[in-house]
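Peer 1: Got a structure for you, questions after.
The values are calculated or read from the model by the stated rules, or taken from the named source; none is laboratory data. If you're wondering where the values come from, they're calculated on a predicted model, not measured in any experiment. Glycine gets a Cβ as well: all are built from the backbone with ideal geometry, and neighbour counts include every protein chain shown. Heavy atoms of the whole protein, side chains included, go into the accessibility calculation; ligands, DNA and RNA do not. Shrake-Rupley method; radii C 1.70, N 1.55, O 1.52, S 1.80 Å.
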Amino acid sequence: MADALRNLLEVRDLHVAFRTSRGKVQAISGVSFDVAPGEVLGVVGESGSGKTISLLAVMGLITDPNAEITGSIRFRGKELLGASNKELRSIRGREIAMIFQDPMTSLTPVYTIGWQIAEQVRAHGPETAKQARDRAVELLTAVGLPNPGEAVDRYPHQLSGGMRQRAVIAMALSCNPALLVADEPTTALDVTVQAQILDLLARLRRDFGSAIVFITHDMGVIAEIADRVLVMYAGRVVERANKRDIFLEPRHPYTHALLQSIPPITGDRPRRLKSIAGTPPSLFAMPSGCAFGPRCTSRVAACSAVPGLTGEPAHQAACFVTGMR
Amino acid sequence: MLLPVLKRLGDMVVAMFGISVLVFLIFFAIPGAEPASRIAGRNASPETVAAVRLSFGLDQPLPVQYLIMMKKLFITQDLTSFVNRGYKVIPAVMNAAPITLSLVAGAALIWIVFGLLIGVLAAAFKNTWIDRLLMVMSLIGISMPAFWLGAVINLFTQSRWHDYWLFSWVPPLGYKPFVESPKLWALTLVLPCFSLAVGYIGIYGRVLRANIVEAMQEDYIRTARAKGVSESRILIRHALRTSLISVVTLFGLDFGQLVGGVAVLTEIVFALQGVGKITFDGLLNLDLPVIMAAVLYSALFVVICNALVDMLYILIDPRERTDG
Ligand SMILES: Nc1ncnc2c1ncn2[C@@H]1O[C@H](COP(=O)(O)OP(=O)(O)O)[C@@H](O)[C@H]1O
Ligand SMILES: [Mg+2]
């Protein structure tokens with residue numbers, strides 16, 4: 001059976017809606033994607049496009065009681081949507097690990113990083129406290145924290161942002177997860193540290209063999225790390241292809257626009273994209289038809305309907321004008 | 001680790017000095033009635049006033065007067081009352097201190113245990129009937145004045161139903177020193193401690209619930225979930241643990257104040273000669289030496305409690321440790 005499963009993760013027709021005081025909002029509408037073992041899937045889109053929510057849904061970490069989640073999320077062939085808390089917990093941290101955007105707030109301030117790594121190790125294995133601590137030192141060494149034997153007893157506030165993110169990555173890798181979800185892990189860091197963390201992730205991917213879902217709003221980061229790319233807009237996938245096709249033959253006007261916004265190779269990388277005219281639609285005022293329509297320069301009459309993904313399986317886009325039929 | 005502790009001890013000494021100067025100035029240097037006749041009390045004879053003037057060195061410069069006062073208070077400890085002839089003030093305060101300390105420490109133990117229990121349970125069952133019930137009960141506890149609760153308790157246990165089996169264990173009002181009878185000491189304190197604690201249980205329960213619920217929204221809780229840590233462990237080891245920091249601050253303030261005499265109404269209702277009661281009597285009689293001693297010793301308790309809490313703080317919040 002294992003041979004039949006080419007994909008580690010298969011997400012099909014994922015919908016996430018939130019009931020709010022102003023009515024129900026559809027944050028994710030029919031997102032589907034696969035992650036193969038060992039590959040890096042880049043998920044890109046402006047802020048609010050649903051990148052985080054999609055992957056939190058995969059982790060079973062949407063805790064908002066007003067959320068409605070439908071679709072199918074299969075990990076190693078096993079359905080995760082509707083799985084019990086206990087089943088999810090044994091997968092979380094052990095088989096799928098996640099690192100978050102802001103290393104300043106993603107560690108508990110009152111425990112040493114060694115304690116926090118050991119907590120994860122011991123949540124999933126029979127290790128003793130001593131063994132877990134040794135493992136923590138080993139992991140901190142692997143992620144290149146200087147002086148790991150000492151760093152293991154440091155509190156988060158005693159480390160710089162870059163060092164904290166390394167510690168968070170060490171923690172995420174503690175159980176050799178098959179899949180690592182990295183939600184904008186470099187966005188809160190300054191440029192040189194960003195580059196170091198990207199290098200680190202690329203190296204760890206080789207050493208640990210984990211597949212990575214890398215969430216970012218930055219096409220420049222995608223260029224450096226991704227194998228395949230998922231472009232998201234307003235809760236939908238608008239284009240998916242391998243990296244080469246995304247950069248050389250982008251089909252969706254939104255992908256085009258994102259590519260235009262990559263800063264020159266030299267100079268600082270801005271934290272937010274700014275060169276696309278207009279703003280993403282509010283979930284409360286979704287345009288009927290193509291959500292990108294109001295900002296699109298290639299808009300035609302057909303765009304008043306919602307486009308589906310079309311094209312050969314390896315490269316699909318959701319656009320009536322430029323998508324392949 | 002040692003440096004911050006020393007720093008706080010230094011702060012404590014400075015605070016005590018400041019308070020003593022301030023209190024001294026209020027009684028000895030404020031224009032108006034002359035301190036000698038105030039210390040001597042109403043309707044004092046000229047001889048008494050003269051004796052007071054001599055005893056407190058009131059014809060000498062202010063700094064000398066301050067030193068004499070401090071010597072009487074803390075070194076020779078022979079400050080006596082003139083209103084209440086021959087009443088030794090410092091031993092009276094020293095006898096009162098263990099009573100208040102027992103009362104407040106007992107109450108604190110009760111309110112910490114139940115406050116924690118209520119806060120954690122309500123947060124764990126957020127928005128269910130358990131949460132609502134606990135929060136309503138807390139509110140009722142907060143709105144019951146401790147002295148009123150004490151009076152009601154006395155009504156039941158001391159007079160009307162004292163012989164009923166449920167209350168027959170309750171000893172008569174008053175205080176029994178621990179060294180005389182540990183059992184009676186504990187028994188006499190149960191109800192006073194409880195009635196003092198009820199309001200605080202409500203406050204701590206609610207504050208803790210709010211803090212835990214807020215902490216559960218933090219990014220590091222999401223990280224802990226992503227690690228595969230169990231919900232109960234997340235609640236206790238992460239959310240409760242970080243919430244304790246602000247509760248400790250609150251506790252230091254409340255505990256210091258109560259030990260400093262704020263529990264006066266409870267002391268009166270349960271006939272306990274505590275610090276609050278002594279201060280209260282001193283104020284009624286306008287007995288300056290008593291007021292002076294009570295205020296300064298209270299301040300000392302408050303400052304010591306705050307220093308202890310600060311050290312507890314260093315213990316539970318690593319972020320407090322690094323600065324010099
Ligand atoms: N608990 C929630 N209730 C209502 N709306 C939410 C909630 N969480 C996220 N959203 C909305 O879902 C959309 C997608 O958010 P997110 O996945 O965080 O975007 P991204 O990660 O791409 O920046 C946003 O518009 C956001 O406002
Ligand atoms: Mg996000």
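Peer 1: So who's got an amide H within less than 5 Å of the one on residue A:289, skipping anything under 5 residues away but keeping other chains? H placed 1.01 Å off N, in plane.
Peer 2: A:306
Peer 1: Let me confirm one metric for peptide B:77-90, namely the mean number of other chain beta-carbon atoms within 10 Å of its residues' beta-carbons.
Peer 2: 0
Peer 1: Just from its helices, what would the mean residue ellipticity at 222 nm be for chain A, if runs of 4 or more DSSP H residues each count -39500 (n - 2.57) and the sum is divided by every residue, rounded to the nearest 500 deg cm²/dmol?
Peer 2: The helix-only estimate for chain A comes to -8500 deg cm²/dmol at 222 nm.
Peer 1: Quick one: compute the contact order of segment A:1-110, relative version, from alpha carbon pairs under 8 angstrom and 6+ residues apart, as a percent.
Peer 2: 29
Peer 1: While we're looking at this one, here's another question. What FRET efficiency do you get for residue B:5 and residue A:129 if R0 is 25 Å and r is their Cβ-Cβ distance, rounded to the nearest 0.05?
Peer 2: According to the calculation, E is roughly 0.35.
Peer 1: Kindly identify segment A:28-113 as rounded, prolate or oblate by the Cα gyration tensor criterion: order the square roots of the eigenvalues as a ≥ b ≥ c, call it rounded if a/c is under 1.5, otherwise compare a/b with b/c, prolate if a/b is larger, else oblate.
Peer 2: rounded
Peer 1: What shape does chain B have by the C-alpha gyration tensor, where a ≥ b ≥ c are the square roots of the eigenvalues, rounded means a/c under 1.5, and otherwise prolate means a/b greater than b/c and oblate the rest?
Peer 2: oblate
Peer 1: Relative to the longest principal axis of the C-alpha atoms of chain B, give the angle of the C-alpha long axis of helix B:89-124, reported between 0 and 90° and rounded to the nearest 10°.
Peer 2: The angle comes out at about 10 degrees.
Peer 1: Separate question: What does the highest-first list of A:121-127, B:56-62 look like by mean Cβ count within 10 Å?
Peer 2: Highest-to-lowest ranking by the protection proxy: A:121-127, B:56-62.
Peer 1: At 7 Å along the Cα-to-beta-carbon direction for both residue A:22 and residue A:279, put a label point, then send me their distance in nm to one decimal.
Peer 2: Going by the 7 Å Cα→Cβ label model, 1.1 nm.
Peer 1: Report ³J(HN,Hα) in whole Hz for each residue of segment A:64-72, in order, from the Karplus equation J = 6.51 cos²θ - 1.76 cosθ + 1.60 where θ = phi - 60°; Gly and Pro get x.
Peer 2: Here the 3J(HN,Hα) series is 4, x, 8, 7, 10, 10, 9, x, 9 Hz.
Peer 1: Here is a follow-up. Of all accessible surface on chain B at a 1.4 Å probe, what whole percent is carbon and sulfur?
Peer 2: Here it works out to 70 percent.
Peer 1: Let me ask something else about it. Charges at C-beta only: +1 for Lys and Arg, -1 for Asp and Glu. How large is the resulting dipole of the protein assembly as shown about its Cα centre, in Debye rounded to 20?
Peer 2: Dipole of the protein assembly as shown, to the nearest 20 debye: 760 debye.
Peer 1: If you count, for each residue, the other Cβ atoms within 10 Å and average over each peptide, how do A:159-166, B:18-25 line up from highest to lowest?
Peer 2: A:159-166, B:18-25
Peer 1: Related question: Need one value for A:103-114: mean number of C-beta atoms belonging to other chains within 10 Å of its residues' C-beta atoms.
Peer 2: Taking all residues of A:103-114 together, the mean is 5.
Peer 1: Scan around residue A:237 for amide H atoms under 5 Å from its own, H built in the peptide plane at 1.01 Å from N, and keep only partners 5 or more places away or cross-chain.
Peer 2: For residue A:237, the qualifying residues are A:32.
Peer 1: Would you mind working out the accessible area per residue for segment B:95-321, using a 1.4 Å probe, and quoting it in Å²?
Peer 2: Accessible area per residue: 45 Å².
Peer 1: Does the protein assembly as shown classify as rounded, prolate or oblate by the C-alpha gyration tensor (a ≥ b ≥ c root eigenvalues; a/c under 1.5 gives rounded; else a/b over b/c gives prolate, otherwise oblate)?
Peer 2: prolate
Peer 1: Quick one: compute the contact order of chain A, relative version, from alpha carbon pairs under 8 angstrom and 6+ residues apart, as a percent.
Peer 2: 19
Peer 1: If the cut-off is 14 Å between C-alpha atoms, which aspartates and glutamates fall inside it for residue B:277, apart from same-chain ones fewer than 8 positions away?
Peer 2: Reachable aspartates and glutamates: B:267, B:287.
Peer 1: Could you check what % of the DSSP bridge pairs in the protein assembly as shown are antiparallel, to the nearest 5?
Peer 2: 60
Peer 1: Find the relative contact order for segment B:2-89 and round it to a whole percent, using C-alpha pairs within less than 8 Å whose residues are 6+ positions apart.
Peer 2: 19 percent.
Peer 1: Could you please report the charge total around residue A:158, scoring K, R as +1 and D, E as -1 over all other residues with beta-carbon less than 10 angstrom from its beta-carbon?
Peer 2: Within the 10 Å Cβ shell, the charges total +3.
Peer 1: Can you give me the distance in nm between label points at residue A:249 and residue A:206, each placed 7 Å from the Cα along the Cα-to-Cβ direction?
Peer 2: For residue A:249 paired with residue A:206, the spin-label model returns 3.0 nm.
Peer 1: Enter the Cα centre distance for the pair segment B:245-269 and segment B:144-220, rounded to the nearest angstrom.
Peer 2: Here the answer is 14 Å between Cα centres.
Peer 1: Follow-up. Does anyone have the angle between helix B:46-55 and the longest principal axis of chain B? Alpha-carbon axes, 0 to 90°, nearest 10?
Peer 2: The answer is roughly 60 degrees.
Peer 1: Of A:316, B:118, B:232, whose Cα points farthest to the positive end of the dipole of the protein assembly as shown (charges on the beta-carbon: +1 Lys, Arg; -1 Asp, Glu; origin at the Cα centre)?
Peer 2: A:316
Peer 1: OK, next. Under a point-charge model restricted to the Cβ atoms of Lys and Arg (+1) and Asp and Glu (-1), what is the dipole moment magnitude of segment B:2-89 relative to its Cα centre, in debye to the nearest 20?
Peer 2: 220
Peer 1: Can you give the helix-only mean residue ellipticity at 222 nm for chain B, where every DSSP H stretch with n ≥ 4 adds -39500 (n - 2.57) and the sum goes over all residues, rounded to the nearest 500 deg cm²/dmol?
Peer 2: -22500 deg cm²/dmol
Peer 1: Find the accessible area per residue for segment B:2-89; the probe is 1.4 Å, ligands and nucleic acids are left out, and the unit is Å².
Peer 2: Counting only protein heavy atoms, the per-residue value for segment B:2-89 is 59 Å².
Peer 1: Related question: For residue A:233, what is the net charge nearby, where nearby means another residue's Cβ is under 10 Å from its Cβ and Lys, Arg count +1, Asp, Glu -1?
Peer 2: Residues close to residue A:233 contribute a combined charge of 0.
Peer 1: Helix B:288-316 versus the longest principal axis of chain B: what is the Cα-based angle in degrees, 0 to 90, to the nearest 10?
Peer 2: The angle comes out at about 30 degrees.
Peer 1: List the accessible area buried at the contact between A and B, summed over both sides and calculated with a 1.4 Å probe, in Å² to the nearest 100.
Peer 2: For A against B, buried area totals roughly 2300 Å².
Peer 1: Taking the Cβ of residue B:41 as the center, what net charge do the other residues with Cβ under 15 Å away carry, scoring Lys and Arg +1 and Asp and Glu -1?
Peer 2: Charge balance near residue B:41 sits at 0.
Peer 1: Positive end of the dipole of the protein assembly as shown, charges at C-beta (+1 Lys, Arg; -1 Asp, Glu), about the Cα centre: which of B:48, B:146, B:316 has its Cα farthest in that direction?
Peer 2: The residue sitting most towards the positive pole is B:146.
Peer 1: From the cross-link list A:86/A:130; A:51/A:243; A:24/B:227; A:51/A:86; A:130/B:7; A:130/B:126, which pairs have alpha carbons spaced over 28 Å apart?
Peer 2: Table pairs above 28 Å Cα-Cα are A:24/B:227; A:130/B:7; A:130/B:126.
Peer 1: What average count of beta carbons from other chains do you get within 10 Å of the Cβ of residues in B:285-298?
Peer 2: Other-chain Cβ atoms within 10 Å of each residue's Cβ, averaged: 0.
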